[in-house]
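The values are calculated or read from the model by the stated rules, or taken from the named source; none is laboratory data. None of the values given here were measured: they were computed from a predicted structure. No Cβ is skipped: glycine too gets one built from the backbone with ideal geometry, and neighbour counts run over all protein chains shown.
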Amino acid sequence: MTTNPMLPLPAKLRDELVDHFLCLSKEDLRLRFGHALALPSIVAYVDDIDFDSDGVFGVLDGEVRLAGVAHVAMVRSNAEFGVSVLPAYRKRGIGSALFARAVTFARNRQVDALFVHFLAENAAMLRIARKARMRLARYGGEVDAWLDLAPGDAATFAEACAQDQLALFDFTLKSQFLAARTLMGALHEASGGLAARWV
Ligand SMILES: CC(C)(COP(=O)(O)OP(=O)(O)OC[C@H]1O[C@@H](n2cnc3c(N)ncnc32)[C@H](O)[C@@H]1OP(=O)(O)O)[C@@H](O)C(=O)NCCC(=O)NCCS
C-alpha cells in the first residue's frame, strides 16, 4: 500500500484541477501536454474530462491542495495516462504511486492496455515507464509507451477500494487539521494572542 493516498476526484473539483495546472511552469506544461497550454486551453482540457468514465486522482498536500494529479482517460479499449506533480513534491514517489493507481483503475475497467505519450527528454516519465516495463516506441523527440493489462480481478477491486478508503481518511484528517489551524489563527488574531496560550 502506498504512503501517498490518492483521492478519486469528482467533477465538482474542476476549478481545483485548473488551479493545479496553473501552478505548473510553462516547461512543466510542455512536458505534461506536449506544448505549454495557455489558461483557455487548460480550462477547455479540464472541461472536457469525462468524470463518469475517466479516472482522476489527486494527492493532497497539508493545505488540502492538489500536489499531484493523474488523469486516466478512456480511449476505446485503452486508457491514456497523464500526470503532473508540483515541483515541491517531486521525487517522493507521488508520480509512481499515481501511475500504479492508474494501472489498477484501468484493469478494473477491463481495458486492454494503458498508454502514455511523452517527450523523449522527460527523464522522470521515462523512468516510471521503464520501471513498469512498458513497451516503448520512440519517434524523434517523442515516445509512445504501452502496458498490456491483465483483466481486473477480486484483488485489484479490493486494492482500489482500500486505496479510496485511505484517501478519504487522509482528506478528512487534513481538512480537519486545516479547519482547526484556521480557527486558531482567527482566535489568535481576535484575542490579540490570548488564544495561543490555550493551544
Ligand atoms: C513526471 C512527474 C509526474 C514525476 O513525478 P514524481 O513525483 O517526481 O515521480 P517519482 O517521485 O515517482 O519519480 C519517478 C522516478 O523518476 C525519477 N525522477 C524523478 N524526477 C527525475 C528527473 N528530473 N530526472 C531523472 N529522474 C527523475 C525518480 O528518481 C524515480 O525513479 P526511482 O523510482 O528509480 O527512484 C513530474 O516530474 C512532473 O509533474 N513533471 C511535469 C509533467 C510531466 O512531465 N508529466 C508526464 C507526462 S504525461
Check your understanding: Yes or no: Val85 buried (at least 21 other Cβ atoms within 10 Å of the Cβ) and either under 21 Å from Ala162 (Cβ atoms) or at pLDDT 95 or above (or both)?
Key -> yes
Review point. Residues of the stretch 66-82 being surrounded by 21 or more Cβ atoms within 10 Å (Cβ to Cβ) and either within 11 Å of the ligand (Cβ to nearest atom) or more than 13 Å from the chain's Cα centre (by Cα) (or both), which ones?
Key: Ala67, Gly68, Val69, Ala70, His71, Ala79, Phe81
Practice item. Report whether or not His35 is closer than 29 Å to Glu142 by Cα, in a loop (DSSP other than H, G, I, E, B) and within 16 Å of the ligand (Cβ to nearest atom). Key: yes
**Study point:** Residues satisfying the stated conditions in the stretch 76-90, i.e. of a type outside the set (Gly, Ala, Ser) and not in a loop (DSSP other than H, G, I, E, B)
**Key:** Asn78, Glu80, Phe81, Val83, Val85, Pro87, Tyr89
Check your understanding: Does the stretch 133-147 contain at least one residue that is of a type outside the set (Lys, Arg) and in a helix (DSSP H, G or I)?
Key -> no
Check your understanding: If only one of Ala120, Ala124 is in contact (Cβ under 8 Å) with a residue 12 or more places away in the chain, surrounded by fewer than 20 Cβ atoms within 10 Å (Cβ to Cβ), more than 7 Å from the ligand (Cβ to nearest atom) and farther than 25 Å from Gly152 by Cβ, which one is it?
Key -> Ala120
